[in-house]
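First comes the structure, then the notes that go with it.
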């Protein structure tokens, strides 16, 4: 192969590029031929691309982390029905807590604190029921008791909110 190339070297010589080719190429590389607006637009597009990629990667990372954590919860959950219900009801209860915390209670913060304390103490009952569920994981009665507890607590919190807002509006 080497002998063939040496003998036919004339065929392998290529022509030199036209005059000024390297200068035009260098100008294109450095962007010397671009106007200020074009350069600014290029920079803005690059920044936008980096931001889009960054947001996409953040969303993917967040989704992966939440999927990982939900998988961990599912692994630790003896009863899938209860875990789903408890997740739903705990979010609802937290919303009600936030609403009650913002209510004025006739400008008596002591009353609000007492109500919130009593509501939080109710959670001890759930802890006892969960211990029962650990001992008897297939006992549907305990599962339904926990779900009923959450429903009753939400009803109670709703009643507190309604009565507090009603008493506030009647005093005006």
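Tabulated data for the structure shown
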{"quantity": "Only listed residue being modelled with pLDDT under 85 and out of contact with any strand residue (DSSP E or B) (no Cβ under 8 Å at 6 or more places or on another chain), chosen from 46, 99, 91, 39", "calculated": "39"}
{"quantity": "Where a residue in the stretch 104-118 is at positive phi and modelled with pLDDT under 85 and its partner, wherever it lies, is surrounded by 12 or more Cβ atoms within 10 Å (Cβ to Cβ) and in a helix (DSSP H, G or I), with Cβ under 8 Å and at least six apart", "calculated": "105/111; 105/112; 105/115; 105/164; 106/168"}
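The values are calculated or read from the model by the stated rules, or taken from the named source; none is laboratory data. Note that the coordinates shown come from a computational prediction; the quantities given were computed from them, not determined experimentally. Methodologically, a virtual Cβ is constructed for each residue, glycine included, from the backbone with ideal geometry; neighbour enumeration extends over all protein chains shown.
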